[in-house]
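To start, the structure under review is shown below, and the notes come after it.
Every read-out reported here was derived from the displayed coordinates using simple, explicitly stated rules and does not represent laboratory data. A quick note: this is a predicted structure, and the numbers were derived from the prediction, not measured. Ideal geometry is used to build each Cβ from the backbone, glycine not excepted, and the neighbour counts take in all protein chains shown.
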Amino acid sequence: MTASSAYLPPGLPTPAADLDDLGFWEHCNRRELRIQRCSACGHFRHTPMPTCPACRSMDFTWAEVPGTGTVFSHTIAHHATHPALRGFGPYNIVVVLLDGADDVRMVGNVVDVAADEVHIGMKVVLHWEATAEGGYLPRWRRA
Ligand SMILES: [Zn+2]
């Protein structure tokens, strides 16, 4: 896992943590990909939430996952969805099925590939992207 310059241009808002996902972002800022795992039944869940959807328990841990996965779905963005993206693109947006975390899927981008090279079933590996605020965002690279 490496960190490098931004996949998307500067000026985009960074994710704002709320009480549910604060732990997720704190781990990201230490370059640890950790997913909520229910302490009662072992079910992984993402995005972070207070209650297990499988058993309703509110007890959980932040389980570290391997940082590999498979592109489950993807699209190519051609139009700016934020003023900072004007004139940029096309770029890919992917949904990655994480290894080692049941059926957890995470939205992200695959860096260092042309947008039309991304495909369903593509194996990817975690790539940490440094933010201007000193944190890290999870992105993906072709495995
Ligand atoms: Zn549970």
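State the answer as a single residue: which of C38, I93, M122 lies farthest towards the positive end of the charge dipole of the chain, with beta carbon charges of +1 for Lys and Arg and -1 for Asp and Glu, about the Cα centre. So the residue furthest toward the plus end is M122.
Where only DSSP H runs of four or more residues are counted, the chain gives -1000 deg cm²/dmol as its mean residue ellipticity at 222 nm, each run worth -39500 (n - 2.57). For region 29-77, the fraction of C-alpha pairs more than 19 angstrom apart is 38%. Projecting the Cα positions of A84, T70, N109 onto the charge dipole of region 55-132 (unit charges on Cβ atoms of Lys, Arg, Asp and Glu, taken about the Cα centre) puts A84 furthest along the positive direction. In the elastic network of the chain, a GNM with C-alpha springs shorter than 10 Å, the most mobile of L19, L33, L98 is L19.
The Cα-based radius of gyration of the chain, divided by its Kirkwood radius, gives an Rg/Rh of 0.97.
Rounding to the nearest 20 debye, state how big the charge dipole of region 16-142 is about its Cα centre with +1 on each Lys and Arg Cβ and -1 on each Asp and Glu Cβ. The partial results should precede the final answer.
On the way: 12 positive and 15 negative charges, 32 e Å.
About 160 debye.
Contact order, relative form, for the chain: 26 percent (alpha carbon pairs under 8 Å, 6 or more residues apart, mean separation divided by residue count).
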